[in-house]
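Quick notes on the structure that follows.
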Amino acid sequence: MTLQNRVTPWGELIESPMRGTLMGNRGCLHNNSQRIVRETARKAWISCLLSFKGRKRLLMTPGKYTELFFLDEATALAAGHRPCAECRRQDYNRFKQMWIQGNSDLPAGAGSEITKIDSILHSERIDSNKRKPIWTAALNNLPDGVFIAYPNTTQPLLLHNRRLFDWSPGGYEKSIHTPSFELQVVVLTPRSIVKTISVGYQPQLHESITINK
């Protein structure tokens, strides 16, 4: 049975047999029949290593958090998941430091409490209608490592080496896009995370980006 626990750059949960390179959670989202019944159960959305200290989990155990899977870290960040403070401690420290550096204008920017950062991230990934907030920017003002979509489309595109790559659950497809970098695009990666990437945080990318570069 293929479970609905693969996360897209839009933050949506889809069914896919592909496992991805990172696991994560946003609380218990499933019922006793392993069906997704909610989008979130907490403000701390994290991304984790696939294996850590030999721990084993039965997927979608009743009452336990829902194990989610991401193609790579760029996908997780676009969906609004930050690094886990336990299994990805170095990435977490680096992300937190650069988030504060890149977002000094925000209320949590001058502080160090991760709960404040999580609250801001939560407002950037789900609005009052339980939809992903949409914002736009000129493509040439965005850093590599963020996800965008062309206006009036839904296909996620990764910006990498100033080229755009189609996202799929199995990896990135060869870039066939030759965009005008002055084009206004829909940005999928939350605004504060875009600022974090802009000051030097480099998301881990799936190996297919090298194959199809």
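Identify, from the list GLY54, GLY80, the residue that is under 11 Å from the mean Cα position of the chain (by Cα) and at positive phi. Steps first, please.
On the way: GLY54 fails: under 11 Å from the mean Cα position of the chain (by Cα).
GLY80 is the lone residue from the list that is under 11 Å from the mean Cα position of the chain (by Cα) and at positive phi.
What are the residue pairs meeting all of these: first residue in the stretch 170-184, first residue within 18 Å of THR75 (Cβ to Cβ), second residue among the small types (Gly, Ala, Ser) and assigned to a loop (DSSP other than H, G, I, E, B), Cβ atoms under 9 Å, and 6 or more apart or on different chains?
Qualifying pairs under 9 Å: GLY170/SER16.
Does SER16 satisfy the criteria of being in contact with a Leu (Cβ under 6 Å, 6 or more places away or on another chain), in contact (Cβ under 8 Å) with a residue 24 or more places away in the chain and buried (at least 16 other Cβ atoms within 10 Å of the Cβ)?
Values: in contact with a Leu (Cβ under 6 Å, 6 or more places away or on another chain): no; in contact (Cβ under 8 Å) with a residue 24 or more places away in the chain: yes; buried (at least 16 other Cβ atoms within 10 Å of the Cβ): yes.
Taking the combined requirement at face value, the residue does not satisfy it.
Of the numbered conditions (1) in a strand (DSSP E or B); (2) free of Cβ contacts under 8 Å to residues at least 60 places away in the same chain, TRP167 fails exactly one; give the number of that condition.
(2)
Can you name every residue in the stretch 189-213 that is over 14 Å from GLU73 (Cα atoms) and at pLDDT 95 or above?
Restricting attention to the stretch 189-213, the residues satisfying the condition of being over 14 Å from GLU73 (Cα atoms) are 191-192, 195, 198-200, 210-213.
Scanning the stretch 189-213 gives ARG191, SER192, LYS195, SER198, VAL199, GLY200.
Say whether the condition of being surrounded by fewer than 15 Cβ atoms within 10 Å (Cβ to Cβ) and touching a residue at least 40 places away in the same chain (Cβ under 8 Å) is met by at least one residue in the stretch 108-115. Talk me through it step by step, then tell me what you get.
Going residue by residue through the stretch 108-115, those that are surrounded by fewer than 15 Cβ atoms within 10 Å (Cβ to Cβ) are 110-113, 115.
Filter again for touching a residue at least 40 places away in the same chain (Cβ under 8 Å), leaving 115.
Checking the stretch 108-115: at least one residue is surrounded by fewer than 15 Cβ atoms within 10 Å (Cβ to Cβ) and touching a residue at least 40 places away in the same chain (Cβ under 8 Å).
I need the full set of residues from the stretch 54-76 which are part of a loop (DSSP other than H, G, I, E, B), hydrophobic (A, V, I, L, M, F, W, C) and at pLDDT 95 or above, in order please. Can you show your working first?
Start the filter on the stretch 54-76 by keeping residues that are part of a loop (DSSP other than H, G, I, E, B), which leaves 54-67, 71-72.
Then keep just the ones that are hydrophobic (A, V, I, L, M, F, W, C); that gives 58-60, 71.
The one that is part of a loop (DSSP other than H, G, I, E, B), hydrophobic (A, V, I, L, M, F, W, C) and at pLDDT 95 or above: LEU71.
Look through the stretch 12-34, keep the residues that are assigned to a loop (DSSP other than H, G, I, E, B) and within 23 Å of TYR172 (Cα to Cα), and return whichever of them is nearest to the chain's Cα centre (by Cα). Let's see the steps before the verdict.
At the first step, the residues of the stretch 12-34 found to be assigned to a loop (DSSP other than H, G, I, E, B) are 12, 15-21, 26-29, 31-34.
Checking the rest, the ones that are also within 23 Å of TYR172 (Cα to Cα) come to 12, 15-21.
Details: GLU12: 10, GLU15: 17, SER16: 17, PRO17: 19, MET18: 17, ARG19: 15, GLY20: 13, THR21: 13 Å.
Restricting to residues being assigned to a loop (DSSP other than H, G, I, E, B) and within 23 Å of TYR172 (Cα to Cα), the top hit is GLU12.
The values are calculated or read from the model by the stated rules, or taken from the named source; none is laboratory data. Please read these numbers as outputs of a predicted model, since none were measured by experiment. Neighbour counts are summed over all protein chains in view; Cβ atoms, including those assigned to glycine, are modelled from backbone coordinates with ideal geometry.
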